[in-house]
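Q: Quick one: the structure is below, and I'll ask about it shortly.
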């Protein structure tokens, strides 16, 4: 009886065991093509631009985010160019990190223009991907910080990430004066520079004449003209530095004593414009760069390229100088680059449509002649028309037309009064002679 029970039990157990084993095989076979690789591995950190040799130092790090050891066979790393590394074997323990270096992966990460790293499972599906744009600075890795990515100065290959945001260097922007003159103060500025982290910036200026200045804005005086440069270093005092070199010219000043104010036009006719005219009476070209015109309220500085030819004229209009001459009277000064006064002129009440014109040692209200010689007739009125609007820095040759003077036109009124007096006097004299003759005749009778 006992034997029958054992045989019966074996008859039930063995077929069930065979069935269970067959079921396992079937189930395993069925699941072999549908394994879910999601939420197993993820990218954790990569270093595109290591300090020193990129070939040895670059790495890509992955992390096992499960609670069990995972087989790495068939997993792949791919960069933006399509270069691929496939794990042939190996495993990664639960909650651990694995850094794979460039000599193994043969993947060369970009240092500039951005990069993308992808993690593919054995079924070639992308399970994770990370991308950065722009430039990868040396010695800084791109790391996962919880759900986001950021650059970090603390490298942690094979370990949990510690994200320390790197200090961004400042962005240098320097303002060099358009014109720099010898023996005159020039202003240099880095005030338009910025710092991404909002740090206070400090600038050092190393000029090629051997002098050094410090400050965001500095002034400098060059003793001689010539070609110069300045090396600028901008620091946020936290290791971030921006630097650059700038070249510029220092121009000589012309301190000529042959330039004078020649004409002022304070109250122009409709359609015309106020101007101040200069003239040179020397026998050499005058460099007007750095010279100034001022009425005490506004000042116009001539650009470095401005010149006044021998015997030439230059009319500076209100639209370019900003100097508005007063109708009720004003004073104008011409100042050399060394701040000495070359000439000055004052007028009282302006006449509409007339310019205050220099003629030898006299000043007369006359018809304006910008850019040409002041031409004077007997009445003392300058002849000529507003023939041209002189552009900034333009010079004009004097006109060769000179109107001859007429004595009769200039002194006609005086001559008329004198002649009238003579005629009247002569008439009175004749009347007196007639009366005298008559009286003498009466006495004789």
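Q: Only counting other Cβ atoms within 10 Å, I'd like 75, 365 sorted with the fewest neighbours first. Walk me through the intermediate numbers first.
A: Details: 75 21, 365 18.
Ascending number of Cβ neighbours within 10 Å: 365, 75.
Q: A follow-up question, please. Using only the Cα atoms of segment 41-152, construct the convex hull and provide its projected area averaged over every direction, in square nanometres to one decimal. If you can, show how the numbers build up before the last one.
A: Working: hull surface 26.2 nm².
For segment 41-152, averaging the hull's shadow over all directions gives 6.5 nm².
Q: Now, a different point. Taking the alpha-carbon set of segment 259-383, what are its Rg and Dmax in Å?
A: Values for segment 259-383 (Cα only, Rg and Dmax): 13.7, 41 Å.
Q: Need one number: nm distance between label points at residue 231 and residue 340, each 7 Å from Cα along Cα→Cβ, rounded to one decimal.
A: Label at residue 231, label at residue 340, 3.9 nm between them.
Q: Okay, moving on. At q = 0.15, 0.19, 0.22, 0.24 Å⁻¹, what is the log10 ratio I(q)/I(0) for segment 180-251, with the Debye formula run over Cα points and no solvent?
A: -0.50, -0.75, -0.93, -1.06
Q: How high is the FRET efficiency from residue 76 to residue 165, r the C-beta distance, R0 25 Å, rounded to 0.05?
A: On the way: r = 31 Å, r/R0 = 1.23.
Rounded to the nearest 0.05, the efficiency is 0.20.
Q: Next question, about the same structure. Based on the alpha-carbon gyration tensor of segment 130-282 and its eigenvalue square roots a ≥ b ≥ c, which shape applies: rounded if a/c is under 1.5, prolate if not and a/b is larger than b/c, or oblate? Let's see the in-between values first.
A: Values: a/c = 4.82, a/b = 2.54, b/c = 1.89.
Here segment 130-282 falls in the prolate category.
Q: Please arrange 59, 207, 222 by how many other C-beta atoms lie within 10 Å of their C-beta, fewest to most.
A: 207, 222, 59
Q: Let me ask you something else. How big is the equivalent ellipsoid of segment 234-299 along its three axes, where each semi-axis is √(5λ) from the Cα gyration tensor, reported in whole Å from largest to smallest? Working shown, then result.
A: On the way: eigenvalues 353, 88, 21 Å².
Computed over segment 234-299, the values are 42, 21, 10 Å.
Q: Where does each of 121-133, 155-167 land if you order them by average Cβ count within 10 Å, highest first? Don't skip to the answer; put the middle values down first.
A: Working: 121-133: 14.2, 155-167: 15.7.
Result, highest mean first: 155-167, 121-133.
Readers should treat all values here as calculations from the given coordinates under stated rules, not as data from a laboratory. This structure is a prediction, so every number in the text was calculated from the model and none was measured. Heads up, the Cβs are rebuilt from the backbone with ideal geometry, glycines too, and the neighbour counts pull from every protein chain shown.
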